[in-house]
Amino acid sequence: MITEQLSIAQEPLPSRDSLLNDIFYAGSAAEYKAAVEQAREAVLHFLEHTRRPFSGVKPATIKAAVAAVNLDAPLESYEELMAEVQALYLQHATAFHLPQYIAHLNCPVVIPALAAEVIISAINSSQDTYDQSAGGTFMERRLVDWTCEQLGFGAGGDGIFTGGGSQSNLMGLLLARDHFAMRVHGVNIKREGLPAAALRYRIFVAETAHFSNQKNAALMGLGEQAIVKVKTDQRFRMDAAALEQAIAAELAAGNIPIAVVATAGSTDFGNIDPLQEIAALAAKYRLWMHVDAAYGCGLLLSAKHRALLNGIELADSVTVDYHKSFFQPVSSSAFLVKDKETLKIVQHHADYLNPAEQDYDELPAQINKSVTQSTRRFDALKLWCTLRLTGKEKLGSYTDRMIATTAATAALMEKDEEIELLTHSDIGILVFRFAPGRAGIDVAALNLSIKKSLFFDGTLLVASTKVGGEFYLKFTILNPLTTVADTRDMLKAIKARGYELLSTGRFARKGA
Ligand SMILES: Cc1ncc(COP(=O)(O)O)c(C=O)c1O
């Protein structure tokens, strides 16, 4: 055994010189420049040549192409590398910047944020401690304070950038759970684990709330059973009267309401739960109020539509996803609290990183506010560059444009007797289906086929969902470049495809 180890140690190591062009350092500047230039060319090629939102590639084809690569046999040059990236990835990448991508909550990105990305990955700061990111620490803090101001949280607020809305929502529920257990059961969950009563903790969300709530409750040891789904009104917003009834029913069953999550901009409808009424009930029953504004946060930018978020300032905590509604590249999200003291519950000290005895006014450490990440990207630089160059007002005008386009598209749908629109949207999401008035058509199967066939020929990427068990198509208008002429064309394409499919005769209902 010992002899074997010695012989390995005697193997010659690769020379230091042979590493020099691979690693980012002063001597590799020319290599870095050439590599980035080729990557930039690949991106420009994507921008200039992508005319459809998707190539339509079938999973089996791309799976085989990826599997065929020998990961243990490195390529010889950046030319070869970029050719491979182009073949496997870029030529099939979904083009979120085209209006014909109208499916999920993915936004086109603003250019100042892309310039920031170049800096972020090369300098590679980590936002956990001051000694890993000095200016970055204060720039992130300044943006957190700025976001708190937009929310109306005042000077007492605090928060942290996270990897996404699901993670920010987790922090909201975690704070709700831990503060409740401390206040009511005198239990410090971080140290002692869950009290027995935690099995009866209940968190109220609208039927239309994001599924991260269930996942987060499961992660937190409360189980998905802790999530109580509250009925919604005709516009699919939480019904405040139903919330109070649900709270009363849980209390009567011996369960323990701890929190309510209001959604400001639901994933399926883009509508906003009644924040003020929910806040009043949260105060009445002493529930933590978290607002999931992952999508709706874009309204903070709009002078015209900001009032839709009135009541958000009453929340204990809020999720905002800059990578949805501030046109930022993934990842860029934040979790904000109204009272900075509440965030201290997540602190954990390690001698090697953030010792307990350190003066954090003198040497700040964002790690003290982070639940799930230690090493953390300086994503805040993207928002910084965006606010400093594009500015809040212009970003707000993007939101205004999308809301106007959505309203005009809803009007088109309503006028069309063959389109069933479920409801209007506060922001930019329309749920509808093509329903030609002929008897005997399986409308759900027809709409599913329309969606699939448009996806696989790459002409139009539309999303879908189920409402009351019924299948619907969904437009998510999160591109300020999309016009009502575009959405009119897309509706035409959907109907035309529907008629083509109907002509195959495959959609007759059984027995019809
Ligand atoms: C309302 C809402 N909350 C949270 C999320 C989760 O955000 P992320 O995908 O950034 O984790 C989404 C995602 O679409 C969402 O629509």
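Laboratory data are not the source of any read-out in this text; all were calculated from the coordinates shown. Bear in mind that the values here come from a model prediction, so they are computed numbers and not experimental data. Don't worry about glycine lacking a Cβ; one is built from the backbone with ideal geometry, like all the others, and counts go over all protein chains shown.
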Original post:
Can you name the number of the only condition in (1) part of a strand (DSSP E or B); (2) within 16 Å of the ligand (Cβ to nearest atom) that residue 228 fails?
Top reply: (2)
Original post:
In the set 121, 168, 126, 133, which member is buried (at least 20 other Cβ atoms within 10 Å of the Cβ), closer than 30 Å to residue 26 by Cβ and under 27 Å from the mean Cα position of the chain (by Cα)?
Top reply: 133
Original post:
Here are some residues: 248, 218. Which one is more than 19 Å from residue 335 (Cα to Cα) and away from the ligand (no atom under 16 Å from the Cβ)?
Top reply: 248
Original post:
Consider residue 268 against the criteria (1) within 30 Å of residue 103 (Cβ to Cβ); (2) more than 23 Å from the chain's Cα centre (by Cα); (3) not basic (Lys, Arg): it satisfies all of them except one. Which criterion is unmet?
Top reply: (2)
Subject >> Yes/no for residue 404 being away from the ligand (no atom under 16 Å from the Cβ) and touching a His at 6+ places or on another chain (Cβ under 9 Å) >> reply: no
**OP:** Scan (1) under 27 Å from residue 270 (Cα atoms); (2) of a type in the set (Phe, Trp, Tyr); (3) away from the ligand (no atom under 16 Å from the Cβ) for the single condition residue 322 breaks and write down its number.
**Re:** (3)
Subject >> Pick from segment 297-345, criterion touching a strand residue (DSSP E or B) at 6+ places or on another chain (Cβ under 7 Å), closer than 24 Å to residue 189 by Cα and among the hydrophobic types (A, V, I, L, M, F, W, C), ranking: surrounded by the fewest Cβ atoms within 10 Å (Cβ to Cβ) >> reply: 343
**OP:** State all residues of segment 358-373 that are touching a residue at least 40 places away in the same chain (Cβ under 8 Å) and buried (at least 16 other Cβ atoms within 10 Å of the Cβ); if no residue qualifies, say none.
**Re:** 364, 365, 366, 367, 369, 370, 371, 373
Subject >> Hits in segment 39-61 - residues which are out of contact with any His (no Cβ under 6 Å at 6 or more places or on another chain) and more than 30 Å from residue 122 (Cβ to Cβ) >> reply: 51, 52, 53, 54, 56, 58, 59, 60, 61
